[in-house]
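Data block below; observations after.
Read the figures in this text as sums done on the coordinates, not as results from a lab. The shown structure was predicted, so the numbers you read here are calculated from the model rather than taken from an experiment. All Cβ positions, even for glycine, are placed from backbone atoms using ideal geometry, and neighbour counts span all protein chains on display.
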Amino acid sequence: MKGAAATLDITPAEFERGYTTFQQREARDPMYRVATFLVNHFWGKPRDMAEGIGALLLTWHQAFYRYGSFDFRLLEEALSASLAVIEQLRPRQIQSLAEADEPVIHQLFSSYLDALRVRDGGNKGRRSPVAAAKALHLLAPEFFPLWDEKIARAYACHYKTYPERKYVAFSQKMRSLAVRLESHAPQNCGRTFLKLIDEYNYARYTKAWIQPEEAKIA
C-alpha cells in the first residue's frame, strides 16, 4: 500500500467489490447501526445524542481513546450549539455539496475536533480528525463522509496539518466520487450511499482487502 494513490475513476464493479468485501469481513458494523439508531431516536436531545455518538467512538475508535476518553459534556455543548445548522444539512446528500457550504463544514469540523479531544491521561488535549468525522457522519449520514488516516492519505488529504481544510477537500472528492457512482448505488440496502463509499475506501485503502490488480490505482 505504500505509495498508493486513490483515483476517482472507480468502476461500478470495483465499487461493488469493495463494499461487498467490507460487509463480508468487517465484524464491527453492528455498532454503527446501534449508534445510528440511538442518535436518530434521541434526536433533539443533545445529552442522549452524545451518548449515542460515544457508543460508536469508544468502539470504532477505541485505540485512540484507550488511555483517556473525551468529555461528554463538551460534546453535548457542541451538539447544542450546532444542532440548528446540522438539521439543515441532515436531509442533504453529498452530491449537493457546494462552495458555499465549505465555511460551514470547516467550522463544524473544528467544533467537533475540539469537543472530542482527549480530556485526561497521557494524551490529554490530543484531537482526532477521525472522531470528528465519525460524529458529523452520524448527525448527517448522507452529507458528511467518514475517513481514517490511510483513506485520507490515499486521497492526498492527510490531516496532520490543517485538518479542517483537509476534511473540506476530502468532502469535495467524495462528492465527485458520489456523482460518478450514484446511478450504481444499490437500493434499499440499509446503508446510505456515503456509507457504501466508506466501505469501499476501507476495504481498498485501510485493510487492502482489495488487491491492486482488482482495483485501479492512479
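The table for this structure:
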| item | result |
| --- | --- |
| Rg and Dmax [Cα atoms of the stretch 1-129; Å; Rg one decimal, Dmax integer] | 17.1, 46 |
| Straight-distance crosslink candidates among aspartates and glutamates, where the alpha carbon sits under 18 Å from LYS166 and sequence neighbours closer than 8 are dropped | GLU99, ASP101, GLU102, ASP114, ASP148, GLU149, ASP198 |
| Helix-only CD estimate at 222 nm, as mean residue ellipticity for the chain, using -39500 (n - 2.57) per DSSP H run (n ≥ 4) | -17500 deg cm²/dmol |
| Footprinting exposure proxy for LYS195, LYS45 (fewest neighbouring C-beta atoms within 10 Å first) | LYS45, LYS195 |
| In order through the stretch 6-20: 3J(HN,Hα) via Karplus (6.51 cos²θ - 1.76 cosθ + 1.60), integer Hz, x for Gly, Pro | 6, 10, 7, 8, 8, 7, x, 5, 5, 4, 5, 4, x, 6, 5 |
| Distant-in-sequence amide H partners of PHE70 (H built 1.01 Å from N, under 5 Å) | ARG119 |
| Difference of contour (0.36 nm per residue) and Cα-Cα distance, GLN187 to ARG47 | 47.1 nm |
| Sequence-distant residues sharing a close amide H with TRP43 (under 5 Å, placed H) | none |
| Footprinting exposure proxy for ASP148, ASP120 (fewest neighbouring C-beta atoms within 10 Å first) | ASP120, ASP148 |
| The stretch 29-147: relative contact order as a whole-number percent, Cα under 8 Å and 6+ apart | 28 |
| Among 47-56, 68-77, the order from most to least packed when residues are scored by Cβ within 10 Å on average | 47-56, 68-77 |
| For the stretch 117-128, Karplus couplings with θ = phi - 60° (6.51, -1.76, 1.60), whole Hz, Gly/Pro x | 5, 5, 8, 7, x, x, 9, 3, x, 5, 10, 10 |
| Descending semi-axes in whole angstrom, ellipsoid equivalent of the chain, from the Cα gyration tensor | 27, 19, 17 |
| The chain, relative contact order in percent, only Cα pairs under 8 angstrom and at least six apart counted | 31 |
| Karplus (6.51, -1.76, 1.60) ³J(HN,Hα), θ = phi - 60°, over the stretch 173-187, in Hz, Gly and Pro reported as x | 5, 5, 4, 4, 5, 5, 4, 5, 9, 4, 6, 10, 6, x, 9 |
| Relative exposure of ASP198, ASP29, judged by other C-beta atoms within 10 Å (fewest first) | ASP29, ASP198 |
